[in-house]
Amino acid sequence: MHIFEGTSIQNDTGDFGILNRSRFQDLMFQFGVVLAIITGFTIPVSTSLTSVCNLGIFICWGLSGQYRVTLDCFKKYRIVTISVILFCCLACSLLYTPEAFSLASRNLFKYRQFLMMPIYLAFFMDPRARWRGIQMFELAMIITLIASYICWMFSIDSTVRLMDNSIFKNRITQNILMSFLVYLSLWKFLERPSRRWPYALIAIIATYNILAVVPGRSGYLALVILIGLLMYQKLGVKGILPAAVCVGLLGMVTYHHSARFQKRIDQVVKEIKEYRFSNKSRSSVDLRLEFYGNGLQIAKSSPLLGSGIGSFAMKYRELMKQKGQHVTENPHNEYVMLLVQNGIIGVGLFLAFFWVSWQTTRGLTGIDQALGQAVLAVYLFVCMVNSLMLDTTEGCLFGYLVGLTLAGGVTGIKVAQQNEPQTSMTDQPSQEESSREAA
């Protein structure tokens with residue numbers, strides 16, 4: 001299977017993405033595609049299996065020659081260019097970070113999704129592969145959903161994690177991932193309501209799991225964003241009002257019928273009020289507000305370039321020696337983390353990545369466009385309350401889904417190049433014809 005269509009063993013004609021591969025390279029490529037598809041299942045389930053799959057994908061990427069496709073993408077596909085530039089910018093801050101190189105490089109490795117994204121993209125140029133990758137993610141989340149309800153119904157509480165009814169990941173991560181299952185199910189249902197009604201049932205069950213079973217407030221935010229985005233994608237600007245009504249009704253019904261949801265919302269309101277009046281941190285919300293304020297204060301010392309990758313924990317400890325407040329290594333805000341470590345330039349490149357990615361999705365169609373925009377919207381806003389790029393599962397999922405969905409745009413580049421008007425010798429008028437026209 002060629003990365004676009006036809007056989008994978010063919011002459012290199014110079015067209016974008018067409019490789020001249022041996023049988024061994026073709027086998028490595030196909031094996032890489034299989035591993036890329038399987039990764040959609042492993043990311044929500046196991047960090048170790050995801051690491052194994054990523055290592056295998058990287059090896060296949062080199063042995064199959066797909067690195068040449070990635071190189072072409074770097075030259076001609078803006079999203080790959082900005083992704084690599086962003087990672088290189090983060091890597092450059094290793095030169096001036098005050099943190100030990102081993103710790104700083106470990107922190108840099110947490111942003112590996114910006115390098116893995118172009119590699120995933122090189123293996124997802126076939127629409128069937130992209131569809132199967134999405135299906136594998138859905139399968140993992142459906143298994144998670146079933147197991148979560150089993151824990152909830154039978155009160156399985158042997159560990160702290162299961163007391164929150166979360167299974168493979170913590171409650172924050174599971175709820176964020178579950179919100180994507182809700183979105184995918186609703187999108188498929190709305191495409192063909194009469195034939196895909198089971199997806200509506202899955203969406204309802206998964207929504208209840210997020211709101212009333214697993215207490216992860218980041219999932220609440222992700223769900224609100226995805227409902228609003230879906231209505232906008234289907235109805236345009238007219239969808240904003242129905243989305244607001246839907247979110248409002250859903251929130252009110254859940255608040256009055258779920259003690260767990262009510263408790264989490266009341267806690268947020270209480271902590272914000274107490275922080276405003278007493279400025280004394282006690283729990284998650286007011287601690288976050290404290291982290292944000294202190295992080296911005298640290299960033300003032302080096303606003304342009306930041307203090308270097310991995311330096312946040314060191315700088316924060318130094319400030320807390322003066323203030324005597326709670327020490328943290330994570331401000332739970334990706335923008336604050338980048339501002340402290342990489343300055344305005346780092347934050348600017350990070351936002352540029354989202355801008356270029358969103359512009360790229362506008363040239364896509366179907367599930368590629370819809371899911372690509374969903375991922376970008378969720379991460380853009382939820383990064384304000386969590387350092388999602390530092391979290392292994394969330395970071396891997398971001399690189400995976402962005403690489404998967406935006407791979408559809410590479411085929412468009414190839415088609416556009418093939419459709420470019422070319423002037424050959426046979427197209428040029430002969431000297432005799434030019435003379436006649438002049439006469």
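The values are calculated or read from the model by the stated rules, or taken from the named source; none is laboratory data. Just so we're clear, the structure is a prediction, and the values are computed from it rather than from any experiment. Heads up, the Cβs are rebuilt from the backbone with ideal geometry, glycines too, and the neighbour counts pull from every protein chain shown. Side chains are part of the model used for accessible areas, which takes the heavy atoms of the whole protein and leaves out ligands, DNA and RNA. Shrake-Rupley method; radii C 1.70, N 1.55, O 1.52, S 1.80 Å.
Yes/no per residue for (1) in contact with an Asp or Glu (Cβ under 9 Å, 6 or more places away or on another chain); (2) crowded, with 23+ Cβ neighbours inside 10 Å; (3) closer than 17 Å to Ala129 by Cα; (4) free of Cβ contacts under 8 Å to residues at least 60 places away in the same chain:
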{"position": "Val356", "(1), (2), (3), (4)": "no, no, no, no"}
{"position": "Val382", "(1), (2), (3), (4)": "yes, no, no, no"}
{"position": "Val402", "(1), (2), (3), (4)": "no, yes, yes, no"}
{"position": "Thr405", "(1), (2), (3), (4)": "yes, yes, yes, no"}
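Just checking, how many residues over region 194-231 are at pLDDT 90 or above and open to solvent by 60 Å² or more (accessible area, probe 1.4 Å)?
Qualifying residue count, region 194-231: 7.
Residues checked against (1) modelled with pLDDT of 95 or more; (2) outside any helix (DSSP H, G or I):
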site	(1), (2)
Gly56	yes, no
Leu94	no, no
Pro98	no, yes
Met136	yes, no
Ile150	no, no
Ile156	no, yes
Arg161	no, no
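Answer with yes or no whether Ile240 is part of a helix (DSSP H, G or I), of a type in the set (A, V, I, L, M) and more than 28 Å from Ile37 (Cα to Cα).
Working: part of a helix (DSSP H, G or I): yes; of a type in the set (A, V, I, L, M): yes; more than 28 Å from Ile37 (Cα to Cα): yes.
Considered against the rule, which asks whether it is part of a helix (DSSP H, G or I), of a type in the set (A, V, I, L, M) and more than 28 Å from Ile37 (Cα to Cα), Ile240 comes out as yes.
Being assigned to a helix (DSSP H, G or I), over 20 Å from Ile345 (Cβ atoms), of a type in the set (D, E, K, R) and open to solvent by less than 60 Å² (accessible area, probe 1.4 Å): is that true of Arg317 here? Outline the logic, then answer.
Details: assigned to a helix (DSSP H, G or I): yes; over 20 Å from Ile345 (Cβ atoms): yes; of a type in the set (D, E, K, R): yes; open to solvent by less than 60 Å² (accessible area, probe 1.4 Å): no.
Taking the combined requirement at face value, the residue does not satisfy it.
Output the qualifying pairs, or none if there are none: Cβ atoms under 6 angstrom, residues six or more apart or on different chains, first residue in region 52-79 and without any contact (Cβ under 8 Å) to a residue 60 or more places away in the chain, second residue of a type in the set (D, E, K, R) and crowded, with 17+ Cβ neighbours inside 10 Å.
Cβ pairs passing all conditions: Gly65/Arg21.
Quick one: would you say Ile150 is among the β-branched types (Val, Ile, Thr) and within 24 Å of the chain's Cα centre (by Cα)? Working first, answer last.
Numbers: among the β-branched types (Val, Ile, Thr): yes; within 24 Å of the chain's Cα centre (by Cα): no.
Considered against the rule, which asks whether it is among the β-branched types (Val, Ile, Thr) and within 24 Å of the chain's Cα centre (by Cα), Ile150 comes out as no.
Go through the residues of region 97-107 one by one and say whether even a single one is open to solvent by 30 Å² or more (accessible area, probe 1.4 Å), in contact (Cβ under 8 Å) with a residue 12 or more places away in the chain and under 18 Å from the mean Cα position of the chain (by Cα).
no
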